[in-house]
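What follows draws every value from the coordinates through simple rules; no lab data is involved. In this text, all values refer to a predicted model and were calculated from it rather than measured experimentally. Methodologically, a virtual Cβ is constructed for each residue, glycine included, from the backbone with ideal geometry; neighbour enumeration extends over all protein chains shown.
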């Protein structure tokens, strides 16, 4: 697999995780439909596992291909931006219950 393919997969994973999580959050905030809370928590756990696998793949690729370190690290940092967003969403929802 090429470096471009790896970074593209990571960026797509990050984008779709953010969009799906934001959609769940927005739908909950607009409707206060309480069954969405466990669905959202399940989504967070699933997204965490998938993103962790992709993130670790980036780190392993850095070890294997150190000449692409900067590109891979930038992508890894972008992936980490989803963490504070997810924690903020979770904090807002749990404090509204």
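Would you mention how many residues in segment 9-27 are surrounded by 13 or more Cβ atoms within 10 Å (Cβ to Cβ), within 28 Å of residue 77 (Cβ to Cβ) and more than 13 Å from the chain's Cα centre (by Cα)?
Here the count works out to 2.
Among (1) surrounded by 14 or more Cβ atoms within 10 Å (Cβ to Cβ); (2) not in a helix (DSSP H, G or I), which single condition is residue 33 missing?
(1)
For a quick check of your reading of the model, give me the residue pairs whose first member lies in segment 85-97 and is at positive phi, whose second is assigned to a helix (DSSP H, G or I) and surrounded by 14 or more Cβ atoms within 10 Å (Cβ to Cβ), with beta-carbon atoms closer than 9 Å and at least 6 apart or on different chains.
Listed pairs, sorted by first residue: none to list.
If I go through segment 75-97 residue by residue, how many of them are exposed (fewer than 14 other Cβ atoms within 10 Å of the Cβ) and part of a helix (DSSP H, G or I)?
11
Do you know which residues across segment 38-73 are within 18 Å of residue 15 (Cβ to Cβ) and exposed (fewer than 14 other Cβ atoms within 10 Å of the Cβ)?
The answer is 46, 49, 50, 52, 53.
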